[in-house]
Structure formats: C-alpha cells, structure tokens
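What follows is calculated from the coordinates using simple rules that are stated; it is not laboratory data. The shown structure was predicted, so the numbers you read here are calculated from the model rather than taken from an experiment. Neighbour counts run over all protein chains shown; Cβ positions are idealised from the backbone, glycine included.
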Amino acid sequence: MLGVDERADGPASAIARIRGRQDSQTALEALANLVTPMAIRVAATLRLADLIADGVTDVDALAERCGAEPDPLHRLLAHLACHQLFIEREDGGFELGPLGGQLRSDHPMSMRTLLDLGSFSGRADLSCFGLLESVRTGQPAYPKQFGLPYWQDLASSPEMADSFEAALDTIVRFSARSLLRGYDWSTVRRVVDVGGGSGAPLIRLLQQYPHLHATLVDLPEMVERAKRNFAAAGLADRTTVVAGSYFDPLPPGADAYLLSEVVDQEPDPEAILRRCAEAAGDTGRVMLLQTPVTRSNRAVMTALDLRMLTSVGGRERSVAEYRELFARAGLSLESTYPASRATTFSVMLFVGTAAAA
C-alpha cells in the first residue's frame, strides 16, 4: 500500500524520493569507507604496480613475488580493479589501470612511498585510527599506537627515515618556485635552515644562488644524512650542520632563518618562531615555507590537519592564522609569496621581521 506522500504525489515522485535517499546513503558510505583506502595502501606496500609493470601479471606469480597468499591477493586486486587502479583480464591476470600508474615507484608523480604502510607517511596515516582519542584528549594518538612519539619513532627506523628523505625530495619540487623566487636572495649571505631534515630545500637554494652559505639544524640522525647529501651535491664547503633541537638557542646572526614545512608539525610552533626571532635579532628575517588553508584547498588541507593532530599534534593554518602566529612570537609578517590573494593550493613563503616595539 502506498503511503500518504506516495498517494499525493504519484508513483514517479515517490520513486524519485527513494532514489534520492539511496544516493545520499551511497555518498555517505563512500566517504566513510575504510576498505578502499587500506586496500590501496596494501597494494603500495606490496609494490604490486612495480611488479605488474615488470611483466608479472599472473596472481600466483604476484603472490610469490610479494609474499602474499594468492586468493586474498586476487580479492584485493579485484576490488581495486573496480576503482581503475588495476584491470582484470579474461585470463585472470591483472594489468595497471588508469590510476594504478601512480603506485609505481618510477612514476614522475609517484604516490607509492607516501602510501606504503611501512613508510613515515603510511605509519602516520595509521594514527588516524586513533582520531577519536585525539579529539577527546587533544593529544596525538601515535605514541599510544606505536610506543614512541612520531619523530622518535622515525629517527629509530632507518626504513622510515629513508622514506621521509625520499618524500622531502618530492615535496621540494612543489615548493621550489616559492622558495627560489619568493625573496630577493641577493641580499642574503647566510641562511639557517631550522629543522631542515636531509637538506633538500637548502640544496636547491644553494645551487640556485652560489653566493649563499648555510647552516642546517636538526636531530643528529638527520644532520648526518644532510651532511652526506651536501657532500654529494658539491656543497660541503658552503654548508655546516648543527645537531640539536629547534627549541634550543639557534646559531645567531644569520640573514635568514628558514622553516620548511615545520611549524604545522609541532604542537608549540610559537616557541620555535621565538627561537628564530631571538637568533635573527633586528636585522634577520624569519621565513616559513608552508601551504596555507584556503577556500579552494580546504577539503584537502582539513584532512591533512586531522592527520597532523593524530600523528604529531600539529595543525594547518590559514594566512590570517599564520599572521597571528607570527605576532604572538614577536614577529611582523612582512610579505608572502605568492601574494595571499592569488594563492590556491600554492606553497607560500611567509617572510617576517622583528615587530616594532
């Protein structure tokens, strides 16, 4: 028997309403789905795209090469074939689909390392399963899940540190334009990269501007990597490294103090900026290389914000929020590049100076 609404509007209207409710439910299910994201990460971790690209397309052969059982592996590939990562052939084998190429290690826009569950990024992703705890407590869930705070865990694992270094090289490709063109580096003689990791941003900067000399400050494990990378790039005579924390006093008197993708990863970024401001004094500049939250990138950046919350206790910010952060640290935001009114998903260079007393 038809309900009141169905009798009043007729069968066509009733069917349209039912389909609308079903579409809404399907859309929510797609957003809430945990299976597909995990399946993609498992495929990345097993390097299935690399194996298939090398001609290993039979499921039994794939299973043997990646250390898996054939039947569960087939079920994984069959699901991802529904989402165009792989293509299931009539003979039961699999080929790469339109989206699967980005899981190859040699793809120019490769996502494989970032999605690998054993990488620095993959383990951070797993901390999202502790989001409820983080929302309730305001604290990162990572230490409770893995036994160590995120950065200590990374430093203790050569595999994670290797993947972190590889990812930094990729990130620098996106941020290089803002770093290299966003400031008149001819006025700078010495730059200190605070929390500079394995040195990728500094290498780009020093290769572009031969007059620059630089100091990198980071944890002991990272500065050793940076030292090797500087030597390999022929920059050993223009670089020094300092093992330590960016919460400690920094080498004073440089013309610029650079923080590349650092302040969004720390619960107390104001303290880091204050250390930079102290070292910069009245004449130095404090620079942030960050992607701010904007209207056009809000969905992506708010997702990253929750990831920062669960993994390291950090947060993402808008341009206005970065301006406020500078002010709380005793700095005045002098300029941004690109200009804040023009940016969409761009990495921006924020340049600050000591605020007038």
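Summary table
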| item | result |
| --- | --- |
| Most mobile of Gln265, Gln139, Gln207 in a GNM of the chain (Cα contacts under 10 Å) | Gln207 |
| Residue-averaged 222 nm ellipticity for the chain, from DSSP H runs of 4+ at -39500 (n - 2.57), nearest 500 | -14500 deg cm²/dmol |
| 10 Å Cβ shell holding at most 16 others, DSSP loop, chymotrypsin sites (Phe, Trp or Tyr not before Pro): longest site-free stretch of the chain | 1-246 |
| Fraction of beta bridges assigned by DSSP in the chain that are antiparallel (%, nearest 5) | 45 percent |
| Average silhouette area of the chain, convex hull of alpha-carbon atoms, in square nanometres | 24.9 nm² |
| Convex hull projection area averaged over all views, segment 118-164, Cα basis, nm² | 2.9 nm² |
| Gyration tensor verdict on segment 264-317 (Cα atoms; rounded if a/c is under 1.5, prolate if a/b is larger than b/c, oblate otherwise) | oblate |
| Ranking of Val191, Val172, Val56 by count of other Cβ atoms within 10 Å, fewest first | Val56, Val172, Val191 |
